[in-house]
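Below: the structure, in structure tokens.
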Amino acid sequence: MFSKFKKDITKYKDYSNTNSLVLLLTQQGLWALFVYRISNLIYVSSMPNVLKRILLIPCLIAQKSIEILTGISLPYSATIGESFYIGHFGGIIINANAIIGNNCNISQGVTIGVSGLGQKRGVPVIGSDVYMGANAVIVGNINVGNGAVIGANSLVTKDVLSNTTVLGVPAVKINEHNSKGYI
């Protein structure tokens, strides 16, 4: 947990060239990540379920407090890789069953959620090195490949290939540029 959170802080430092203490005091995304990392550590631990449930109660209270304070919902049961960066706070909703790879950036207003009917109903699996632009909505039983770019205000309901950029409502591939310049 602490190694992942340290990598989160390092990524924030790379963007702002500010020391860790100032970042911890001023970055709402780090507040949300800190609560998530501790809660997720308890959730995935092998401790007895009774103890786990007791320890998750204060985690849920902290998570709800962070949601109210920052508008960022990072449920402890979601899987979020290391070096996660929340560019701006507010309106970020991640489904409890979402899977997000390493070194991803998420902007304000992004929703990663459940959608679809029958076999298409589900939650996205997002690869590593993915950039998600402001107000993007990524929903359904889909895969977003490594290095993908989701443009601002896009609605993604179908798979996104690795190293491509999608944009629009519904999102369509606009080029084969990867996220290197965005991450």
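The values are calculated or read from the model by the stated rules, or taken from the named source; none is laboratory data. Worth saying up front: this structure is predicted, and the values here are computed from it rather than measured. Ideal geometry is used to build each Cβ from the backbone, glycine not excepted, and the neighbour counts take in all protein chains shown.
In the set Tyr76, Tyr85, Tyr36, which member is in contact (Cβ under 8 Å) with a residue 60 or more places away in the chain and closer than 29 Å to Ile142 by Cβ?
Values: Tyr76 fails: in contact (Cβ under 8 Å) with a residue 60 or more places away in the chain; Tyr36 fails: in contact (Cβ under 8 Å) with a residue 60 or more places away in the chain.
Selected residue: Tyr85, the only one of Tyr76, Tyr85, Tyr36 that is in contact (Cβ under 8 Å) with a residue 60 or more places away in the chain and closer than 29 Å to Ile142 by Cβ.
Name the helices (runs of 4 or more DSSP H) wholly inside region 12-88 in which the number of residues that are within 18 Å of the chain's Cα centre (by Cα), on the phi < 0 side of the Ramachandran plot and crowded, with 18+ Cβ neighbours inside 10 Å is 3 or more. Can you show your working first?
Numbers: elements: 20-26, 28-44, 49-70.
In region 12-88, the matching helices (runs of 4 or more DSSP H) lie at 28-44, 49-70.
Any residue in region 44-52 that is in contact (Cβ under 8 Å) with a residue 12 or more places away in the chain and of a type in the set (Lys, Arg)?
No.
Do we have Asn103 as outside any strand (DSSP E or B), at positive phi and either in the same structural domain as Ser154 (by TED's automatic domain parsing) or modelled with pLDDT of 95 or more (or both) here?
Values: outside any strand (DSSP E or B): yes; at positive phi: yes; either in the same structural domain as Ser154 (by TED's automatic domain parsing) or modelled with pLDDT of 95 or more (or both): yes.
Yes: the conditions hold for Asn103.
Looking at region 164-182 only, could you name the residues that are closer than 20 Å to Gly140 by Cα and not β-branched (Val, Ile, Thr)?
Leu167, Gly168, Pro170, Ala171, Lys173
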